Amino acid sequence: MLSLLILSTSMLATKTVWNFSDAEFTSLKAPTGTDFHAKRTYVTNDGLTIQGDGQYGWAIMVDDAVAQPEFDGVTYTTSITSVGGVSVAPGHTSLPWRNRYVAIDVAGNSDIEIIARSYNSTPAGKLTITNQEETFVETLGTLSQGTPAKYTYQYVGGPTRLYIYAANWTTGNPGINFYAISATNVVPVEGLKTVWNFSSPEFSSLNVAAVFNNKQTYTTEDYLSVVGNGSYGWTYRAPDNKVASVPYKGTTYTNTLEVSGGVAITSNTRYFKFPVKGNSFIEVGMRSYSGTPMGKVIVTDTENTFIDTLAIHSLQSYATVHSYMYQGDSTTLKIMPIDWSAGNDGVDFYFITATNVGLLGTSDVSEQAYNNKFISYNQEDIINSDNLDLEVFNASGQLLIRSSASAIRVQHLKPGVYIVRDKKSGNALKMLK
């Protein structure tokens with residue numbers, strides 16, 4: 001039976017645990033070999049980022065032959081391993097470079113637990129943690145290969161992203177195998193996810209001889225502005241001329257919006273902007289325009305009250321995903337390929353996703369929206385008597401149906417929770433099937 005309920009905000013669990021023996025992770029092992037998620041970044045629905053760059057990623061050791069430790073009554077059979085250590089990014093003091101780190105977003109003080117071992121006996125892996133602002137960097141331990149252990153860290157401070165990695169401190173492969181990571185006060189990923197796919201007809205239709213929208217700004221109905229100023233705009237690659245196909249979470253992306261060189265913080269062109277109603281989790285599929293220097297991407301707001309690094313450089317011949325959690329009040333965010341080095345330090349973008357997109361007061365789900373619900377239903381169809389442009393999402397934010405038909409078939413959907421949204425107004429209702 002179908003029923004409609006008002007959309008509500010879930011509360012934060014006290015402790016979030018990522019156990020790499022779980023099927024979510026073991027299912028991402030390559031059919032042959034030990035590659036994890038084809039060396040690309042993987043982002044969980046609850047906000048853990050396992051970073052790869054497409055060339056060098058993680059290996060996953062299902063039924064780890066070295067050790068399967070037990071802690072607190074739980075046996076951990078699988079580990080993900082960095083194999084080697086990670087260097088610090090150019091221009092930074094402690095942020096890891098490009099790949100093979102783990103990132104967690106916390107709202108404040110957080111207790112971290114990590115079950116891990118060294119990949120090699122010699123050199124040993126050094127377990128390292130730092131934060132987005134690079135105000136601290138700590139070595140949590142020099143690890144043993146044959147004896148996994150539990151390592152703890154208590155972060156005290158404000159909202160931030162924490163980076164956990166194996167430091168590249170010597171020759172050889174000072175990598176680390178991670179069995180599980182847990183953290184308290186993790187920022188929940190909430191709100192509907194908006195996806196801007198630059199391979200979609202909306203964007204490809206604005207391609208004029210590889211120049212996107214004649215270098216003018218283009219703003220979508222769902223709030224993304226691709227900013228140009230008439231003199232300087234974006235190049236449109238259909239398909240991308242370096243990496244023609246990037247699969248990610250069930251969608252294959254082929255086309256890119258390209259900036260050949262980075263822009264200044266004060267630039268009035270060649271960046272993306274969109275409004276958010278509060279905390280927003282962002283994923284960006286991208287590659288570097290050049291081999292050297294590599295592209296670097298930042299997130300800021302229209303007043304530049306903060307500047308955070310979203311992508312700590314990327315490769316030209318390998319595309320991957322970078323993530324970022326904005327924590328704060330409603331604002332307009334800017335995603336910018338930044339001018340950080342001499343040369344063409346540009347970026348090609350395949351897609352951007354963000355949660356909680358919109359303007360306060362225009363797309364919030366309210367009691368009024370529920371009492372004056374814009375759809376009705378029966379056992380098989382959503383009745384859309386006003387022929388609104390409706391979207392149906394699953395609980396993970398994946399778009400399943402887009403239709404303006406007067407009767408939209410939902411009989412084929414599996415039992416579960418779905419979100420029905422009027423694209424124009426932003427009004428949304430939860431549907432239980």
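The values are calculated or read from the model by the stated rules, or taken from the named source; none is laboratory data. What you are looking at is a predicted structure, and each value in this text was computed from that prediction instead of being measured. Note that we place each Cβ from the backbone using ideal geometry, even for glycine, and neighbour counts take in every protein chain shown.
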Restricting attention to region 300-322, the residues that are part of a strand (DSSP E or B) and either over 16 Å from the mean Cα position of the chain (by Cα) or more than 19 Å from residue 94 (Cβ to Cβ) (or both) number exactly 5
Every residue in region 366-393 that is crowded, with 19+ Cβ neighbours inside 10 Å and at pLDDT below 65, please.
369
What is the number of the single condition among (1) of a type outside the set (A, V, I, L, M); (2) in contact with a strand residue (DSSP E or B) (Cβ under 6 Å, 6 or more places away or on another chain); (3) crowded, with 19+ Cβ neighbours inside 10 Å; (4) under 16 Å from residue 350 (Cα atoms) that residue 316 does not meet?
(3)
Filter result for the condition that a residue is within 21 Å of residue 253 (Cβ to Cβ) and either buried (at least 21 other Cβ atoms within 10 Å of the Cβ) or in the same structural domain as residue 132 (by TED's automatic domain parsing) (or both), over 28, 48:
28
Return a yes/no flag: does region 325-334 have any residue that is farther than 23 Å from residue 203 by Cα, within 14 Å of the chain's Cα centre (by Cα) and not in a loop (DSSP other than H, G, I, E, B).
yes
Answer with yes or no whether residue 53 is assigned by TED's automatic domain parsing to the domain that holds residue 28, assigned to a loop (DSSP other than H, G, I, E, B), of a type in the set (Asp, Glu) and under 19 Å from the mean Cα position of the chain (by Cα).
yes
Kindly establish whether residue 62 is more than 19 Å from residue 320 (Cα to Cα), surrounded by fewer than 21 Cβ atoms within 10 Å (Cβ to Cβ) and either touching a helix residue (DSSP H, G or I) at 6+ places or on another chain (Cβ under 9 Å) or assigned by TED's automatic domain parsing to the domain that holds residue 246 (or both).
yes
On the basis of being of a type in the set (S, T, N, Q) and either touching a residue at least 40 places away in the same chain (Cβ under 8 Å) or closer than 30 Å to residue 328 by Cα (or both), does residue 26 make the cut?
yes
From the list 352, 312, 265, 338, pick out the single residue that is modelled with pLDDT under 95 and either touching a Ser or Thr at 6+ places or on another chain (Cβ under 9 Å) or outside the structural domain of residue 223 (by TED's automatic domain parsing) (or both).
265
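For (1) among the charged types (D, E, K, R); (2) closer than 24 Å to residue 59 by Cβ; (3) outside the structural domain of residue 315 (by TED's automatic domain parsing); (4) touching a Leu at 6+ places or on another chain (Cβ under 7 Å), each residue gets a yes or a no:
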| site | (1), (2), (3), (4) |
| --- | --- |
| 171 | no, yes, yes, no |
| 180 | no, yes, yes, no |
| 204 | no, no, no, no |
| 219 | no, no, no, no |
| 231 | no, no, no, no |
| 236 | no, no, no, yes |
| 239 | no, no, no, no |
| 251 | no, no, no, no |
Please find, among 108, 125, 91, 85, the residue that is in contact with a Lys or Arg (Cβ under 9 Å, 6 or more places away or on another chain) and surrounded by fewer than 22 Cβ atoms within 10 Å (Cβ to Cβ).
91
Which strands (runs of 3 or more DSSP E) does region 120-166 wholly contain that include 3 or more residues that are under 21 Å from residue 51 (Cα atoms) and in contact (Cβ under 8 Å) with a residue 60 or more places away in the chain?
160-166
Grab the strands (runs of 3 or more DSSP E) fully contained in region 195-294, keeping just those with 2 or more residues being among the hydrophobic types (A, V, I, L, M, F, W, C) and either out of contact with any helix residue (DSSP H, G or I) (no Cβ under 8 Å at 6 or more places or on another chain) or more than 30 Å from residue 160 (Cα to Cα) (or both).
271-276, 280-288
Starting from region 261-289, keep only residues that are under 20 Å from residue 218 (Cβ atoms), then list their pairs with residues that are surrounded by 24 or more Cβ atoms within 10 Å (Cβ to Cβ) and among the charged types (D, E, K, R) whose Cβ atoms are within a distance under 8 Å, requiring at least 6 positions of separation or different chains.
263/270; 286/348
Residue pairs meeting the criteria (Cβ under 8 Å; at least 6 apart or on separate chains; first of a type in the set (Val, Ile, Thr), in region 86-100; second outside any strand (DSSP E or B) and surrounded by fewer than 18 Cβ atoms within 10 Å (Cβ to Cβ))
93/134
Condition first: over 18 Å from the mean Cα position of the chain (by Cα), surrounded by fewer than 17 Cβ atoms within 10 Å (Cβ to Cβ) and of a type in the set (D, E, K, R). Now tell me which residues in region 219-275 satisfy that.
221
Of the residues in region 183-218, those that are surrounded by fewer than 16 Cβ atoms within 10 Å (Cβ to Cβ) and of a type in the set (A, V, I, L, M, F, W, C) come to 208, 209, 210, 211
